Amino acid sequence: MVCKADLHTHSTASDGQYSPAELAELIKKRGAEVWALTDHDNIDGVAEAKAAGKALGLRVIQGVELSADDYLNLHILGYGFSAAALQDWLNSLKGGRNDRKYRIRDFLRTKGLEVPLDEVDAEAADGSIGRPHFAMVMLRHGMVATRKEAFDKYLDTPDFQEMEKGMKPSAQECVERIKAAGGKVSLAHPYQIVLNGESLEKLVCRLKGYGLDAIECYYPIHTLEETAGYLKLAKKYDLRVTGGSDFHGEKHKPDHPLAARELALDWLI
Ligand code: AMP
Ligand code: ZN
Ligand code: FE
Ligand code: FE
């Protein structure tokens, strides 16, 4: 079954600009039929997404994007798992994210920046806090000239990764937990892991051993060559293909417009 889908989106439950209900409207307008809400490390927006999506005739898949410890931007997408089976663990991740904001504040202090946490909290509103919220506050205070600079100079650096080491679940745990909860797993935006071909293949092979189902081959930032390489890798390891926009709203990520990509999804829905 081929459906128009966007399987990677963020709402105000994490670092997205729009509420799940607003996102449902935008997805519908974009012309997708299948939609997964994949907030960072939580499913707090999924109930609202399901209700709003259903009212608009969308097929909504329960999703989550987990940050794994192995590499700074190694993200694991989980789909269609039992919420009850995962909820306690997701709650513990939420606690971890809350502790993390103090570590990020302290890290930025070592770089000579005093970022007020109350403003970071306000930026995240009720959603879980992530680096983009810090970037917004740093920008507002003139500590950086652009959001990109906040990441390039501070939040997406080897130093930052060192500070985070050991604080997140391993990729193995992420994959195995989603699988144990009856879900499907895709490797998010492989380009962002910044591995050469051989290392990426090793990683995919290892994750496949834990139960990985798919690779997110289609992603706005992937070049045609990269996409072709990921499709080839998926084929070689008998993995399915997913795709998504990683839409966060224009404010946070203007270069990630919503997608309505044709995907074969019999294995997922
Ligand atoms: P976190 O959940 O705190 O690890 O933050 C993840 C978010 O930060 C994702 O939405 C990423 O797109 C964003 N992000 C990560 N690296 C960068 C970067 N170099 N430039 C802009 N955004 C980034
Ligand atoms: Zn994000
Ligand atoms: Fe991600
Ligand atoms: Fe994402």
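Numbers for the structure displayed
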{"read-out": "q = 0.07 Å⁻¹: log10 I(q)/I(0) that the Debye formula gives for the chain, counting C-alpha atoms only", "value": "-0.23"}
{"read-out": "Distance between segment 118-137 and segment 190-217 - C-alpha centres, whole angstrom", "value": "30 Å"}
{"read-out": "Rounded percent of accessible protein surface that carbon and sulfur make up, the chain, 1.4 Å probe", "value": "51 percent"}
{"read-out": "Solvent exposure ordering (accessible area, 1.4 Å, most first) of ASP106, ASP126", "value": "ASP126, ASP106"}
{"read-out": "Whole-Å distance, taken between Cα centres, linking segment 51-99 and segment 230-269", "value": "16 Å"}
{"read-out": "Among PRO220, PRO169, PRO158: highest mean-square fluctuation, GNM of the chain, C-alpha pairs under 10 Å", "value": "PRO158"}
{"read-out": "Computed E for LYS236/SER82 - FRET, C-beta separation, R0 22 angstrom, nearest 0.05", "value": "0.10"}
{"read-out": "Kirkwood Rh in Å, taken over all unlike Cα pairs in segment 190-269", "value": "13.5 Å"}
{"read-out": "Residues with amide H under 5 Å from that of ARG240, placed H, sequence gap 5 or more", "value": "ALA214, ILE215"}
{"read-out": "Residue-averaged 222 nm ellipticity for the chain, from DSSP H runs of 4+ at -39500 (n - 2.57), nearest 500", "value": "-13000 deg cm²/dmol"}
{"read-out": "Exposure rank, largest accessible area first [LYS94, LYS54; 1.4 Å]", "value": "LYS54, LYS94"}
{"read-out": "Where GluC sites (Glu not before Pro) fall in DSSP loop in segment 85-190, at most 13 other Cβ within 10 Å", "value": "GLU114"}
{"read-out": "Protein-only accessible surface order, largest first, of VAL194, VAL185 at 1.4 Å", "value": "VAL194, VAL185"}
{"read-out": "1.4 Å probe accessible area per residue over segment 87-161, in Å²", "value": "49 Å²"}
{"read-out": "Karplus (6.51, -1.76, 1.60) ³J(HN,Hα), θ = phi - 60°, over segment 257-265, in Hz, Gly and Pro reported as x", "value": "x, 4, 10, 9, 8, 6, 9, 7, 10"}
{"read-out": "Net lengthening on full extension, GLU114/ALA51 (0.36 nm per residue, minus Cα-Cα)", "value": "18.6 nm"}
{"read-out": "Proximal lysines relative to LYS29, as straight alpha-carbon distance under 22 Å, when same-chain residues fewer than 8 apart are discounted", "value": "LYS4, LYS50, LYS54, LYS251, LYS253"}
{"read-out": "For segment 159-217: rounded, prolate or oblate by the Cα gyration tensor [a/c cutoff 1.5]", "value": "oblate"}
{"read-out": "Global geometry of segment 123-269, whether rounded, prolate or oblate, following the gyration tensor of its Cα atoms and the 1.5 cut on a/c", "value": "prolate"}
{"read-out": "Length released on extending from MET167 to TYR71, taking residue separation times 0.36 nm less the Cα-Cα span", "value": "33.4 nm"}
{"read-out": "Heavy atoms of THR110: accessible area, 1.4 Å probe, square angstrom to 10", "value": "110 Å²"}
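The values are calculated or read from the model by the stated rules, or taken from the named source; none is laboratory data. Just so it is clear, the structure is predicted and the values come from calculations on it, not from any experiment. So basically every Cβ, Gly included, is an ideal-geometry build from the backbone, and we count neighbours across all protein chains shown. The protein model used for the area step is the full one, side chains on, heavy atoms only, and it has no ligands, DNA or RNA in it. Shrake-Rupley method; radii C 1.70, N 1.55, O 1.52, S 1.80 Å.
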